[in-house]
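Take a look at the structure below.
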Amino acid sequence: MNMHVFPDSDLDLSGVPSDLMRLIKAQARKSNVNRVAIVGGVVRDALLHQIHQTPLQKPQDLDLVVEGSAYSLAKVIKKVLGKERLSAFRVHKDYDTVEMVLENLSVDLATSRVEVYKSPGQNPEITPSGLVEDLARRDFTVNAIAIDLFTQNILDPFNGKSAIKNRQLEFLHSRSVADDPTRIVRGARYAARLNFDLSSQAKKQVQSTLNQWPWDWAKGDPPKQAPPALATRLRQELELMLDQEAWQSALENLQKWGGLLLLDNGLQVDICWKRRIRRAKRLGISPLTALIAGANEPRELASRLQLPMHQQRALAENLEIQKFVNQVNLSKEYLQWPKSQWCRAIENNNWHPDSIAISICLGVPNWHLLLQWWGRWRLMISPISPKTLIEQGWKPGPELGKELENLRYKAIDSLSNNANPSTL
Ligand code: CTP
């Protein structure tokens, strides 16, 4: 292992509040911490800016690694900063890490550690270590560069800087993907966002690990049998990926590398995901749910990824809706239907608007009518209020309810046909 240590004189870290860093450094010295360093995305992005003139964004979060107890140091920082400057303080005892929000910047303070994955995809077992060993356990060499706050030097033991120069994503060790397959999703996200590519070695590792997927848990096994830690991490990484601006090219990367096999065989060969996700974003529903809707087994996948219950329900209802629209479409009876009949059919089934939205994203037969319901018809109310009807002699009760419903349906039927709530 060769170690490059050089002064960071021309590295632009202007997004990192220097007074905070000075304070953390001073408290670390007082607390007998051997070393405290900035690691991960902030260092990578500063080097990207320096080498390729990539515009520098204000950091959303900052990762700090401590050779010593992160918790002890965090407690001192908390005391010195007080409630005004420190708005969150969450301790994760298992990993000796502390998440803090310091002056609107989210800071993760972690004790440097090595990780052992007893079985693939599970949470690792950890032991405290030195900073370089901590860098070695990470995902990509570009994320394994540190700036030592005491010496101001950059530590780049795995040639991350040269990978940044070549825009290459290189795993740090040969079991990286087997230990944590979500790193394929991270790679797809970085490749799209930073305009990088997996190195040929990294591509080989992805292929050979995916060939063995899903290890000790097979298709048809109960979803809960999937390692829960992996399911949660996978969902979080997918959400991050679909949330970022370059989601389209990230998902293209993932599919190109075979990474959608982590989710479902159908998704690996799916050619309609772009339309589904674009529509989901416009309709304001979860893009991940829309992605999953195209899987061979959407409900199983949603349960395996531990999607929130309402999203799992929406996927299940979507299957009912698909059945319904396919039947109606086959019989052609819908051709005679007034708009109100679509409303009755949807509303009598009590399908949630999000479930209808998923069917729209999928482009089921007559999806444009479902879109009319979703965007306009469902929001309409009777043009005559209950109060006016009572004034006209109606008695409060079920009959009045029926009349309000009829008035609403009449108003919907009188809408012109080209009323399009939004273009998708
Ligand atoms: N990490 C890892 N394996 C994972 C997740 C994270 O090795 N599955 C390591 C990486 O070294 C990463 C660091 O933990 O740099 C922090 O993770 P995260 O906050 O997710 O990434 P950032 O470094 O902040 O980079 P970005 O936010 O740009 O993705």
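The values are calculated or read from the model by the stated rules, or taken from the named source; none is laboratory data. Just so you know, these numbers come straight off a predicted model, no measurement behind them. We place every Cβ from the backbone using ideal geometry, glycine too, and count neighbours over all the protein chains shown. We work out accessible area using only protein heavy atoms, side chains counted, and drop any ligands, DNA or RNA first. Shrake-Rupley method; radii C 1.70, N 1.55, O 1.52, S 1.80 Å.
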Carbon/sulfur accessible area of the chain, % of total, 1.4 Å probe, equals 49
Sorted by accessible surface (1.4 Å probe, heavy atoms of the protein chains only), largest first, H368, H173 come out as H368, H173
Rounded to the nearest 0.05, FRET efficiency between S18 and C272 (Cβ-Cβ, R0 56 Å) equals 0.70
With 0.36 nm assigned to each residue of separation and the Cα-Cα distance removed, D94 to Q244 gains 51.0 nm
Gyration tensor on Cα atoms of the chain, a ≥ b ≥ c root eigenvalues, a/c under 1.5 rounded, else prolate if a/b beats b/c, else oblate, says prolate
Two pseudo-spin positions, 7 Å from Cα along C-beta at N166 and at Q336, lie apart in nanometres by 7.1
Measuring from its Cα centre, the chain shows a charge dipole (+1 at each Lys and Arg Cβ, -1 at each Asp and Glu Cβ) which, in debye to the nearest 20, is 620
Probe 1.4 Å, heavy atoms of protein chains only: per residue, the accessible area of the chain in Å² is 49
Per its Cα gyration tensor (rounded if a/c is under 1.5, else prolate when a/b beats b/c, else oblate), the range 171-262 is best filed as oblate
In terms of the charge dipole of the chain, which places +1 on Lys and Arg and -1 on Asp and Glu at the beta carbon, the residue among V66, Q341, I77 farthest towards the positive end is Q341
Restricting to Cα pairs under 8 Å and 6 or more apart, the percent relative contact order of the range 95-195 works out to 20
In debye to the nearest 20, the charge dipole size for the range 3-166, taken about the Cα centre with +1 at each Lys and Arg Cβ and -1 at each Asp and Glu Cβ, equals 460
With -39,500 (n - 2.57) per DSSP H segment of 4 or more residues and division by the full residue count of the chain, the 222 nm estimate, nearest 500 deg cm²/dmol, is -15000 deg cm²/dmol
Of the residues S14, G294, Y409, the Cα lying farthest along the dipole of the chain towards its positive end, which is defined by charges on the beta carbon of Lys, Arg, Asp and Glu, belongs to Y409
Here, S87 and D413, labelled 7 Å along Cα→Cβ, have an inter-label distance in nm of 5.4
Placing +1 on each Lys and Arg Cβ and -1 on each Asp and Glu Cβ in the range 171-262, then taking the dipole about the Cα centre, the residue among A188, Q205, L251 whose Cα reaches farthest towards the positive end is Q205
With every protein chain in place, the accessible area of R278 for a 1.4 Å probe, in Å² rounded to the nearest 10, comes to 100
Extension length gain for T151 and N211 (0.36 nm per residue less Cα distance), in nm, is 17.1 nm
Ranking E170, E237, E125 from most to least accessible area with a 1.4 Å probe gives E125, E170, E237
With all protein chains in place and a 1.4 Å probe, I51 shows an accessible area in Å² (nearest 10) of 40
Largest-first ranking of V101, V142, V80 by accessible area, probe 1.4 Å, whole protein assembly kept, is V80, V101, V142
Mean separation of Cα contacts under 8 Å (at least 6 apart) over the residue count of the range 3-166, i.e. the relative contact order in percent, is 28
Once L424 and W394 are pulled to full extension, the length gained, defined as 0.36 nm per residue separation minus their Cα-Cα distance, is 6.6 nm
With every protein chain in place, the accessible area of S162 for a 1.4 Å probe, in Å² rounded to the nearest 10, comes to 60
Checked the range 3-166 against the a/c 1.5 cut and the a/b vs b/c comparison, axes a ≥ b ≥ c from its Cα gyration tensor; verdict oblate
One finds, for N195 and S119 with R0 = 41 angstrom and r their Cβ-Cβ distance, a FRET efficiency to the nearest 0.05 of 0.70
Pseudo-spin-label distance S385 to V101, built 7 Å along Cα→Cβ, given in nm, is 4.0
Treating only Lys and Arg (+1) and Asp and Glu (-1) as charged, each at its beta carbon, one finds that the range 316-424 has a dipole about its Cα centre, in Debye to the nearest 20, of 180
Rounded to the nearest 10 degrees, the helix 273-283 long axis (Cα) sits at an angle to the longest Cα principal axis of the chain of 70
Length-normalised contact order of the chain, Cα under 8 Å, at least 6 apart, in percent, tallies to 11
